[in-house]
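Asks: Can you read through this structure? Questions will come right after.
The values are calculated or read from the model by the stated rules, or taken from the named source; none is laboratory data. On a predicted model such as this, the values are computed, not experimentally measured, just so you know. Neighbour counts are summed over all protein chains in view; Cβ atoms, including those assigned to glycine, are modelled from backbone coordinates with ideal geometry.
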Amino acid sequence: MNQTINDKVSIIRESFQSGAADLLEVSGSFRVDFGSGQTVYIYVETYDHAITARFESKEADSDKRQDEIDKLRAALVKEIRFADISEFHEAQSGSGRFVYTASVRMDESVFFHETIVIGTDAPDIKAVSLVEGEDERIADVLDSDTESTISLSPVEEAIEKLETVDAKMLRQSLDMMNLKRSGNVRMALTRIFRSALGAAELTLSIHNEAIKLISQNDHEDLRMIKIINAAEFLEPVIGLLYEEVFGKNSE
């Protein structure tokens, strides 16, 4: 399915709206205000349809100005993990104003799951690290004087699983389940992934996302991925979201 530049901007906008920064629509673009006091404009260049981030500073000291730019770029990378943010370059200056721009390039795997190829010959580094981590946990138990079984709650298990992956692995897994890029269930799982900082945060995020999934299509998508889930690390969180939407006794 071909996606337009407006589709890409809409997903970026949605990512900001679900985050901590404040967003304001501004005639064909939008402005994002971060808690640090920095402001960036996101818009589409008319001549080449590229998505651009624009930052303006009045700081005369070049070192301090660069520090502002570095902090801003770090904040942008944190807010929109599925896009590549280029370095900021000075676009113009004068009258005490310094304008910098950076390009925002969307990862095409966000849109075209057909382009994702999972190789069978190349070792999966993340998978290896999971196995090694499991071996270490087993060794710790064997070295202990007493045998014990550590039982994690569903929420704790979900957090432990999500901590082993990054945003790219999440996108690939959602692609393999044929979830639409702008679909509500996909966006819900993405936001839940970003909130997996602790049990309270994850529980609240799952509850907040569940109450948004009200359409028949949303319910069909959720039932589908519960059946065909291809990623072990998503199984606990999908189960929790499913229970929150349909109830704990639902089949």
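Asks: Is it true that some residue in the stretch 203-226 is of a type outside the set (Phe, Trp, Tyr) and modelled with pLDDT under 85?
Replies: yes
Asks: Something else about it: Quick one: is THR203 under 15 Å from the mean Cα position of the chain (by Cα), part of a helix (DSSP H, G or I) and of a type in the set (Val, Ile, Thr)?
Replies: Considered against the rule, which asks whether it is under 15 Å from the mean Cα position of the chain (by Cα), part of a helix (DSSP H, G or I) and of a type in the set (Val, Ile, Thr), THR203 comes out as no.
Asks: Of all residues in the stretch 208-235, how many are assigned to a helix (DSSP H, G or I), within 18 Å of the chain's Cα centre (by Cα) and surrounded by 17 or more Cβ atoms within 10 Å (Cβ to Cβ)?
Replies: Looking only at that region, the number is 4.
Asks: Something else: Where in the stretch 1-98 are the strands (runs of 3 or more DSSP E), entirely inside, with at least 3 residues that are modelled with pLDDT of 75 or more and touching a strand residue (DSSP E or B) at 6+ places or on another chain (Cβ under 6 Å)?
Replies: 29-33, 39-44, 51-57, 83-85, 89-94
Asks: Right, here's the next one. Of all residues in the stretch 157-200, which are part of a loop (DSSP other than H, G, I, E, B) and among the small types (Gly, Ala, Ser)?
Replies: SER182, GLY183, SER195, ALA196, GLY198, listed by residue number.
Asks: A further question on this structure: Between a residue in the stretch 222-245 that is among the β-branched types (Val, Ile, Thr) and any residue that is assigned to a helix (DSSP H, G or I) and at pLDDT below 85, which pairs come within a Cβ distance under 6 Å, given they are 6 or more apart or on different chains?
Replies: Listed by first residue and then by second, the contacts come to ILE238/LYS226.
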